[in-house]
Amino acid sequence: MIQGNLASQEKSSRQKIYADLHIHTNISDGLLSPEEVTQICEGLGLSIIAITDHDTVGGIKPAQQSSKNVEIIPAVELSANIGSLDIHILAYFIDYNNGELMDYLDDFCQHRMARIFKMSEKLAQVGIRLDPDEIVRMAGSQALGRPHIARALLKYGYVHSIKEAFIKYLGCHCPYYVPKKEIHPKRLIQMIKKWRGIPVIAHPGILNDENLIQRLIDYGAAGIEVWHPEHNSLQEKRFQEIAEKNRLLMTGGSDYHGFPGTYNRLGQPGCGRKEITAIKEYQKIYLQ
Ligand code: AMP
Ligand code: FE
Ligand code: FE
Ligand code: ZN
């Protein structure tokens, strides 16, 4: 099945794309392995990609080892929150061997695992019987999340689609939702900088709150994700203006997860040489 998926992705790409700085693998909640993702990117002719799994850096080395022609930027998409609001910060060029970062991620992922059990328990109270041990086993992931529960809901016929699973059971306003471990974005941004990463506000269009975006900039975000599948052209334009006004880096990526739906086209959107040059310059000047 995956082979078919690879072939169709390679064939359907006509335009030359340069970089995709937002990609998930099955090390977090994506469906394809880092090696499979890298293989597709090679086929698409992408020059640079970033593996940005949620709260884990486990996919970076396998991607780097399997890649011949694609440069892999080490990265991670870290979760923060203010109350029930989920905020994602991309961290590029992070020192992914740093012991303190590893401890932080291990602890965060243990909470993610406990959350699978807590949400399963809440669902069991209304007669939805899922086996959390099976969810964990099937996922084979280092960073378990709601998509893994959604796949079990689909497998056992409680929903007809992943989308329905999120609407009925997993959305943050549903009674079965359990938030992730608490960490304020101000603290997270400071920690990313300590770990020599470049903090970039992920999909600001999903946040859809300019005051909050400004707060994240004031906390020290160095960049903003301008190009993302959830952004329309007006939002792209607005985020470029915000970037210029605040002298921020601009990034873009597909937020690829490998499952059918919105986030399923590697390199679409992506970003160009100009943005890659800027982020590499930033890394050299500020973080070396
Ligand atoms: P978590 O990190 O466990 O809170 O899960 C968030 C992840 O769920 C996101 O990164 C997406 O991969 C996925 N997700 C969120 N909302 C939806 C949705 N409406 N449909 C499908 N996947 C979603
Ligand atoms: Fe995800
Ligand atoms: Fe995200
Ligand atoms: Zn993402």
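Derivation of every value follows stated rules applied to the coordinates shown; laboratory data play no part. The structure displayed is predicted, hence computed values, not measured ones. Neighbour counts are summed over all protein chains in view; Cβ atoms, including those assigned to glycine, are modelled from backbone coordinates with ideal geometry.
Work out the length of the dipole vector of the chain about its Cα centre, built from +1 on the beta-carbon of each Lys and Arg and -1 on the beta-carbon of each Asp and Glu, and round it to the nearest 20 debye. Mind dumping the intermediate values first?
Working: 33 positive and 33 negative charges, 53 e Å.
Once rounded to the nearest 20, the dipole reads 260 debye.
What is the distance in Å between the Cα centroid of segment 13-76 and that of segment 152-211?
Centre-to-centre (Cα) distance: 21 Å.
Is segment 133-192 rounded, prolate or oblate when judged by the Cα gyration tensor, a ≥ b ≥ c being the square roots of its eigenvalues, rounded requiring a/c under 1.5 and prolate requiring a/b larger than b/c?
On the way: a/c = 3.11, a/b = 1.69, b/c = 1.84.
Taking the square roots of the gyration eigenvalues as a ≥ b ≥ c, segment 133-192 is oblate.
Given R₀ = 30 Å, FRET efficiency for Gln214-Asp86 by Cβ-Cβ distance, to 0.05?
Working: r = 18 Å, r/R0 = 0.61.
It comes out at approximately 0.95.
Between Ala124 and Arg187, how high is the FRET efficiency from 1/(1 + (r/R0)^6) when r is the Cβ-Cβ distance and R₀ = 35 Å? Nearest 0.05.
On the way: r = 34 Å, r/R0 = 0.97.
For Ala124 and Arg187, the calculated efficiency is 0.55.
Taking the Cα of Lys168, stepping 7 Å toward and past its beta carbon, and measuring to each backbone N in segment 125-154: which are under 15 Å?
What the label zone holds, given the 15 Å backbone N cut-off, is 125-130, 149-154.
Can you tell me which of Ser79, Ser33, Ser161 moves the most in a GNM of the chain? Springs connect C-alpha atoms under 10 Å apart.
The residue that fluctuates most here is Ser161.
Which lysines, on any chain, are close to Lys194 with Cα under 16 Å apart, when same-chain ones fewer than 8 places away are left out?
Lys186, Lys284
Beyond 24 Å, what percent of the Cα pairs of the chain remain?
Values: 20426 of 41328 pairs.
Tail fraction, whole percent: 49.
Rank-order 92-103, 193-204 by packing density, defined as the average count of other C-beta atoms within 10 Å over each peptide's residues, highest first.
193-204, 92-103
Within straight cross-link reach of Lys155, meaning Cα distance under 17 Å, which lysines are found once same-chain residues fewer than 8 apart are removed?
List returned: Lys163, Lys168.
If you project the alpha carbons of segment 106-170 onto the principal axes, what extent comes out on each, in Å, largest first?
33, 21, 19
Mind checking which lysines have their C-alpha under 17 Å from Lys180, skipping anything on the same chain fewer than 8 residues away?
Lys180 reaches Lys118, Lys122.
Which of the listed residues, Gly253, His231, Ile72, is farthest toward the dipole's positive end in the chain, when Lys, Arg count +1 and Asp, Glu count -1 at the beta-carbon?
Checking the options against the dipole of the chain, the answer is His231.
Within 10 Å, count the other beta carbons around each residue, average over each peptide in 59-67, 236-244, and list them highest first.
59-67, 236-244
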